[in-house]
Structure formats: structure tokens, C-alpha cells
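Structure, as C-alpha cells:
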Amino acid sequence: MKRLLTTLIAILFATSLSALELGDDGLHKVDWLRDTFKDLQEDAAEAAGEGKRLLIIVEQRGCNYCKKMHETTFQDPRVLDMLENVYFPVRVNLHGDTEVIDTDGEVLTEKLATRRWGVLFTPTMILMPSEIDTSLPISAQAAAIMPGAFSAGTTLDLLTWVKEDRYLDQSEEDFQRYHARMILERNDGDTN
């Protein structure tokens, strides 16, 4: 009976992973990502109107780390709740040609925008402050930038740290100290 239950759970898990669809552009298609015109000034205003923060997620076709984030980290109910209810996630393709209007009004292709922002790795999450300065590009005002694929606990902690505006005064507790404290409080052993 135990073996049958384990097999059923494995089948359900595999089925849920296969439900993560790839689009023609080779990027994961998920409901919580906002399909916008990539005018980041407008996106920031819409996010603010919903009481959310703008979150830019940079990905690329064939990125194994992006796949890992979508299949594991973003599936965690705690992280998914933040992505759906606290943030306004907009994806930018590292090598894409779609037009992006940066927060300072500069019009670029996705690939030129990501170069401008100094993005070297995918996935990269760029978490924005609650208020956007329209005289500055994304990279000059980001609350936090997370390059690479991290576990659900680390991602949750960063999303929470920014949501709670802890990045504004790090004199007492920077992100690393906050994350270490959260690991101890959760006692989930999540160290990366």
C-alpha cells in the first residue's frame, strides 16, 4: 500500500511539472506573470495601483536554472503567494527583441535593456521599491537584485525583506543576517 501511494504521488508530481508549458519563445508560460507592453513606467504605475511592487524576472530560452526556479522555487505555495499577491511580475527575455521602455523612459530592446541593467545570469530577479523614480533606470533604483536560481526559502526571504522595506536601513540587519535569522526561525535547513 505504501509503495502504491508513493507511486501515485510521483505520478501526480510529474504531471504537475509537465503542466509547466513552454511558449514559442522557449520561456515558461505561467498565469502569475503579467503580459504587458513592457513599458516599465506604466507597469510600475499599475503595480502601485494594485498595491503591489514591480518585479522584473529576466530569463532566456534553454536556461536550466530558470527551469529549476519554475519547477521548484516558484511552485512553493509561500513563494507563489508572494508572486501573485505582493508583486507585479514582468518577464524580460535576456536575448529578446521586444521593445522595453525603462523606468526613465529610455526605449530599448529586451537584450539592450538587460545589458544596460548589468544582467549577466538567468534567472535574475529585480525587485523594485514601492515608488519608482522616472528619472532613473531600473538598475539605479532596484531595491534588490537576485542573480541565479535559489531555493524557495531564500527567494521567500528576499521577497519578504523587500516587501517589508528592510533594504532601506541595513545598519542593523542586512539581507544575509535577516536570511540567517529566518532559517533559524523556520528551522527548515534552507541555507541557499
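Residues are listed down the side, and each one gets a yes or a no for (1) buried (at least 23 other Cβ atoms within 10 Å of the Cβ); (2) without any contact (Cβ under 8 Å) to a residue 24 or more places away in the chain; (3) touching an Asp or Glu at 6+ places or on another chain (Cβ under 7 Å):
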residue: Ala44; (1), (2), (3): yes, no, no
residue: Arg61; (1), (2), (3): no, no, yes
residue: Glu71; (1), (2), (3): no, no, no
residue: Gln75; (1), (2), (3): no, no, no
residue: Arg78; (1), (2), (3): no, no, no
residue: Val86; (1), (2), (3): no, no, no
residue: Gly105; (1), (2), (3): no, no, no
residue: Leu112; (1), (2), (3): no, yes, no
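Evaluate the following for Ala142: is it in contact (Cβ under 8 Å) with a residue 12 or more places away in the chain, closer than 22 Å to Glu164 by Cα, touching a Pro at 6+ places or on another chain (Cβ under 9 Å) and surrounded by 15 or more Cβ atoms within 10 Å (Cβ to Cβ)? In short, yes. Those strands (runs of 3 or more DSSP E) of region 95-192 in which at least 3 residues are within 18 Å of the chain's Cα centre (by Cα) and of a type in the set (A, V, I, L, M), considering only elements entirely within it, cover 124-127, 144-147. Within region 1-41, the set of residues being over 19 Å from the mean Cα position of the chain (by Cα) and modelled with pLDDT of 80 or more comprises just one member, Asp24. Taken as a whole, the condition of being over 25 Å from Trp161 (Cβ atoms) and of a type outside the set (D, E, K, R) applies to Leu108.
The values are calculated or read from the model by the stated rules, or taken from the named source; none is laboratory data. As the structure is a computational prediction, the values presented were derived from the model and not from experiment. Note: ideal-geometry Cβ built from the backbone for every residue, glycine included; neighbour counts use all protein chains shown.
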